[in-house]
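Values quoted throughout were computed directly from the atomic coordinates according to the rules given, and no laboratory measurement underlies them. Fair warning: this is a prediction, and the values are worked out from it, not measured in the lab. Using ideal geometry, Cβ is built from the backbone for each residue, glycine included, and neighbour counts are taken over all protein chains shown.
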Amino acid sequence: MQGWFQALGNLSAGNLIMFVVGGVLIYLAIKKDYEPMLLLPIGFGAILANIPMSSAIGNGGFLTLLYNAGIKTELFPVLIFIAVGAMIDFGPLLQQPAMIFFGAAAQLGIFLTTILGASLGFSLKEAASIGIIGAADGPTSIYVANLFAPQLLGPISVAAYSYMALVPVIQPPVITALTTPEERRMRMDLNLVRVSRRARILFPIMVTVVAGILAPMSVALVGSLMFGNLIRECGVLDKLSRAAQNDLADLVTLVLGITIGSTMTADRFLTPATLMILGMGLIAFVLDTAGGVLFAKLLNIFLKHKINPMVGAAGISAFPMSARVIHKLAQREDPQNFILMQSVGANVAGQIGSIVAGGVILSLVGPMA
Amino acid sequence: MVVAQTLEIMVRGISLTFLAMIVFYALTKMITRLFPGGGK
């Protein structure tokens with residue numbers, strides 16, 4: 001009884017606001033279907049962490065144990081990448097290798113937002129962690145934020161996953177503003193090369209080695225993604241591939257979300273910095289989309305066979321949502337225009353591009369800050 | 001000072017990311033040609 005009164009007495013306005021924030025995340029997950037696998041656990045984790053004297057966090061609390069074991073050690077993002085790698089078919093990229101450049105162009109927002117963050121007073125490491133939101137890649141955002149700005153992990157994760165869910169809302173106006181109706185109606189030849197099993201097996205090994213040499217800090221992320229993909233493509237580990245795609249993905253997602261939510265205590269989340277992070281995360285997303293579109297337009301100056309500039313916007317990592325959005329936009333202009341395969345190729349490239357950019361940021365910012 | 005540092009990070013970061021993609025492109029072309037999947 002005394003504990004009950006103590007908890008009630010310690011309940012602050014900040015705790016109540018965080019209950020509402022948690023409730024809003026749960027509402028968005030259930031009612032709007034916005035990344036429910038993550039936003040719902042994050043929302044509930046936030047509620048658990050804001051109950052005064054909560055036994056879920058703090059010394060011996062199970063959420064703190066999970067945080068120390070899985071987030072602090074970077075284990076959860078790496079395990080998630082193994083699962084994601086097992087889910088991804090790099091075939092559309094291997095069939096159209098040129099799409100790989102959009103995976104780089106659509107990372108522009110990361111670097112521009114880093115400049116914005118630094119000029120707004122965030123430290124270099126904090127600004128870089130905020131910029132990574134633009135990669136539209138949850139695990140990479142968590143990985144970088146945990147190394148560079150663990151105190152901002154909550155708002156950065158919420159922004160990353162919320163905006164990933166909002167790709168169908170964020171990308172179309174940016175694309176429409178940067179392209180003419182003629183450009184959006186542009187058709188593209190589809191010359192798909194058949195890809196052998198050997199090429200599919202060699203690809204993840206090759207990407208890991210090259211990315212590792214260019215940005216050693218990306219090895220954990222690229223390596224785990226490509227390990228998952230190798231399990232998928234090797235053809236002799238179907239059981240492990242299924243386990244990675246289903247059981248591993250589900251289990252890690254389950255604990256990842258609620259653990260991130262537990263970092264959203266009122267004293268850490270209800271700060272002006274959170275609002276700034278949410279705003280800059282949105283800017284990063286917009287700039288990444290713009291980077292992809294403008295790069296495609298730049299290429300079109302030199303290319304004989306033009307690229308529909310909208311395909312460039314699919315170079316972000318939100319897979320396969322971004323590719324679908326681009327294809328729908330193209331069909332809205334011309335119902336007979338099919339650019340899904342090209343968009344998927346660019347979107348898959350975005351998966352690699354975001355991790356490489358994350359590794360590059362870690363390699364460059366770490367020694368400077 | 002900080003802005004100069006972030007500008008340097010941007011230039012080097014974009015260059016390195018593109019460099020990685022150029023290498024991936026070349027190697028992807030190479031492996032799909034070395035190990036073709038049986039025509040178009």
_Å³ per residue enclosed by the Cα convex hull of chain A_ = 144 Å³
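Averaged over its residues, how many other protein chain Cβ atoms are within 10 Å of peptide A:347-356's Cβ atoms?
Details: counts 0, 0, 3, 0, 0, 4, 5, 1, 1, 8.
Mean partner shielding for this stretch: 2.
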*asked:* Restricting to DSSP H runs of at least four residues, report the calculated mean residue ellipticity at 222 nm for the protein assembly as shown, -39500 (n - 2.57) per run over all residues, nearest 500 deg cm²/dmol.
replied: -23000 deg cm²/dmol
*In peptide A:185-195, how many Cβ atoms from other protein chains are near each Cβ within 10 Å, on average?*
2
*Relative to the longest principal axis of the C-alpha atoms of chain A, give the angle of the C-alpha long axis of helix A:321-333, reported between 0 and 90° and rounded to the nearest 10°.*
50 degrees
*Please sort A:7-17, A:247-257 by packing, taking for each peptide the average over its residues of neighbouring beta carbons within 10 angstrom, highest first.*
A:247-257, A:7-17
_Springs between alpha-carbon pairs under 10 angstrom, Gaussian network model over chain A: which of A:Pro92, A:Pro173, A:Pro272 fluctuates most?_
A:Pro272
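What value does chain B have for Rg/Rh, both radii from Cα atoms and Rh as Kirkwood defines it?
Over the Cα atoms of chain B, Rg/Rh equals 1.38.
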*For helix A:249-261, what angle does its Cα long axis make with the longest principal axis of chain A, in degrees from 0 to 90 and rounded to 10?*
50 degrees
_Charge dipole of the protein assembly as shown about the Cα centre (unit charges at C-beta), most positive-ward option of A:Ile130, A:Leu40, A:Gly358_ = A:Gly358
*Would you give the gap between the C-alpha center of the range A:132-160 and the C-alpha center of the range A:29-77, rounded to a whole Å?*
15 Å
_From phi via Karplus (6.51, -1.76, 1.60), per-residue ³J(HN,Hα) for the range A:9-18 in Hz, x at Gly/Pro_ = x, 8, 5, 9, 4, x, 4, 5, 4, 5
*Could you tell me the distance between the Cα centroids of the range A:171-235 and the range A:305-368, to the nearest Å?*
9 Å
*Of A:Gly103, A:Gly70, A:Gly345, which is the most mobile in a GNM of chain A whose springs link Cα atoms less than 10 angstrom apart?*
A:Gly70
*Name the residue farthest towards the positive end of the dipole of chain A from the options A:Val293, A:Ala330, A:Ser54, assuming +1 on Cβ of Lys and Arg, -1 on Cβ of Asp and Glu, about the Cα centre.*
A:Ala330
*For the protein assembly as shown, what is the charge dipole size about the Cα centre, in debye to the nearest 20, if Lys and Arg each add +1 at the Cβ and Asp and Glu each add -1 at the Cβ?*
1060 debye
*Using only Cα atoms, tell me the angle between helix A:138-148 and the longest principal axis of chain A; keep it within 0 to 90° and round to the nearest 10.*
60 degrees
_Residue of A:Leu147, A:Leu237, A:Leu25 that the Gaussian network model of chain A assigns the largest fluctuation, springs spanning Cα pairs under 10 Å_ = A:Leu237
